[in-house]
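Asks: Below is a structure I'd like to ask you about.
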Amino acid sequence: MTEAAAVAAESLAGSKARAARTVLGQVVLPGEELLLPEQEDVVRRCGDRLLVTKCGRLRHKEPSGGSSGSGGGGVYWVDSQQKRYVPVKGDHVIGIVTAKSGDIFKVDVGGSEPASLSYLAFEGATKRNRPNVQVGDLIYGQFVVANKDMEPEMVCIDSCGRANGMGVIGQDGLLFKVTLGLIRKLLAPNCEILQELGKLYPLEIVFGMNGRIWVKAKTIQQTLILANVLEACEHMTADQRKQIFSRLAES
Amino acid sequence: MTWFMQRGLDSETKKQLEEEEKKIISEEHWYLDLPELKEKESFIIEEQSFLLCEDLLYGRMSFRGFNPEVEKLMIQMNSKNKAEEVEDETVELDVSDEEMARRYETLVGTIGKKFVKKRDRANYEEDENGDVQPVKTKKMFLKPQD
């Protein structure tokens, strides 16, 4: 990490826009300007500049499928670490019902204001057939409206009207909070941590993109072990993790 | 209804008055006195969500059979993400073929009951072996023998 920081400091001293391709995987700091590949080859004044606003590593993903010949569609993003969640449309989150007022529930999702959830936004809910949701329940849902100007709104059904696993999360279990980066790491395809966890004992996990994880296992002790392991995963190296898992598997 | 729509006014005067009204209204409209801005082509789209960036798995998971419904969901949702078409493409039947055949067997009889008159209904109840057979013998008028 110190090497990457030194490189970043050097380039900042020059303070000119760097090509995004050369910076991939390195730490970028807020205020840096990046050039996209198109702007390199063709000298063009778009007037749009790409400024970095968060510090972290620059990542890139090629567009999959490759149907468009021009290669448009690649995604660049900054992989940063933060604990505070900002509601984003389409994200699946775990929320806690804090209030029930009239036709809507107020759900705390860890953002700046509670999200609203209509009682009709559950599978099979009608005006007569209300869902069984109490204050203090855990809800797994997704945002339909989430921008800086409006109160976030979430629902527990998808666009076809099916629940797809969303709705009230069952009894028991433990809810705890981790950083957003860890959630993304755990939900990445081929995540080793999850595969190893799954071999230990039967368990159920729900991941919310707002940094909240809910776990449930057969006994309270197992549940607590899970919670501790997941929270510690952030700061452990792969070797330490394997040691801990092997110790757990033995006991 | 403005005042020029009164009866008695000629159609010509009406038109003139309409045009005058429109002029007054359009002059009062505000407009920007700026030169036309060219729309800049931008190849950059800003996205807030991480869903496009990383192929994330579905958030609910269950291991070793703790919650079978969630395990079914896991397979469903993760295969949707990867867009792998199921090679078999067999539609899962809710009701098996045999059950359907059995249902249809009895269905004929139960629907047939609808069109049977009250007197014949008694015959249905006699045949209760699980199969309901429609009545074949129809009661005719018997001539009294002398």
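Asks: Kindly compute the accessible surface that chains B and A hide from a 1.4 Å probe when together, both sides summed, and give it to the nearest 100 Å².
Replies: Numbers: alone 16300 and 15360 Å², together 28580 Å².
For B against A, buried area totals roughly 3100 Å².
Asks: Putting +1 on Lys and Arg Cβ atoms and -1 on Asp and Glu Cβ atoms, find which of A:Gly211, A:Tyr201, A:Ala227 reaches farthest to the positive end of the dipole of the range A:174-250.
Replies: Selected residue: A:Gly211.
Asks: If you take the beta carbon distance between B:Glu19 and A:Lys61 as r and set R0 to 56 Å, what does 1/(1 + (r/R0)^6) give as a FRET efficiency, to the nearest 0.05?
Replies: For B:Glu19 and A:Lys61, the calculated efficiency is 0.40.
Asks: Please go through the residue pairs A:Lys54/A:Lys106; A:Lys61/B:Lys80; A:Lys216/B:Lys72 and name each one whose alpha carbons sit more than 26 Å apart in this structure.
Replies: Numbers: A:Lys54/A:Lys106 31 Å; A:Lys61/B:Lys80 20 Å; A:Lys216/B:Lys72 18 Å.
Over 26 Å Cα-Cα: A:Lys54/A:Lys106.
Asks: Between A:Thr219 and B:Arg119, what is the label-to-label distance in nm when each label sits 7 Å out along the Cα-to-Cβ direction?
Replies: 7.7
Asks: Tell me the trypsin sites (Lys or Arg not before Pro) within the range A:117-186 that lie in a loop according to DSSP and have at most 10 other beta-carbon atoms within 10 Å.
Replies: Details: sites: A:Lys127, A:Arg128, A:Lys148, A:Arg162, A:Lys177, A:Arg184, A:Lys185; in loops: A:Lys127, A:Arg128, A:Lys148, A:Arg162.
Passing sites in the range A:117-186 are A:Lys127, A:Arg128, A:Lys148.
Asks: Per residue of A:163-175, what is the mean number of Cβ atoms on other protein chains within 10 angstrom of that residue's Cβ? Could you put the intermediate results ahead of the total?
Replies: On the way: counts 1, 6, 11, 2, 0, 0, 1, 1, 0, 0, 0, 0, 0.
Partner Cβ neighbours, averaged per residue: 2.
Asks: Here's something else I'd like to know. If you wrap a convex hull around the Cα atoms of the range A:174-250, how much volume per residue is inside, in Å³? Walk me through the numbers before you get to the answer.
Replies: Details: hull volume 6.3 nm³, N = 77.
That works out to 82 Å³ per residue.
Asks: Of the peptides A:224-236, B:68-80, how do they stack up when ordered by the mean number of other Cβ atoms within 10 Å, highest first?
Replies: On the way: A:224-236: 15.9, B:68-80: 13.5.
Averaged packing, sorted descending, gives the order A:224-236, B:68-80.
Asks: With charges set only on the Cβ (+1 for Lys and Arg, -1 for Asp and Glu), what does the dipole of the range A:123-171 come to about its Cα centre, in debye to the nearest 20? Working shown, then result.
Replies: Values: 5 positive and 6 negative charges, 50 e Å.
Roughly 240 debye for the range A:123-171.
The values are calculated or read from the model by the stated rules, or taken from the named source; none is laboratory data. Predicted model only: the values in this text are computed from it and were never measured. Ideal geometry is used to build each Cβ from the backbone, glycine not excepted, and the neighbour counts take in all protein chains shown. Surface accessibility is based on the protein's heavy atoms, side chains included, excluding ligands, DNA and RNA. Shrake-Rupley method; radii C 1.70, N 1.55, O 1.52, S 1.80 Å.
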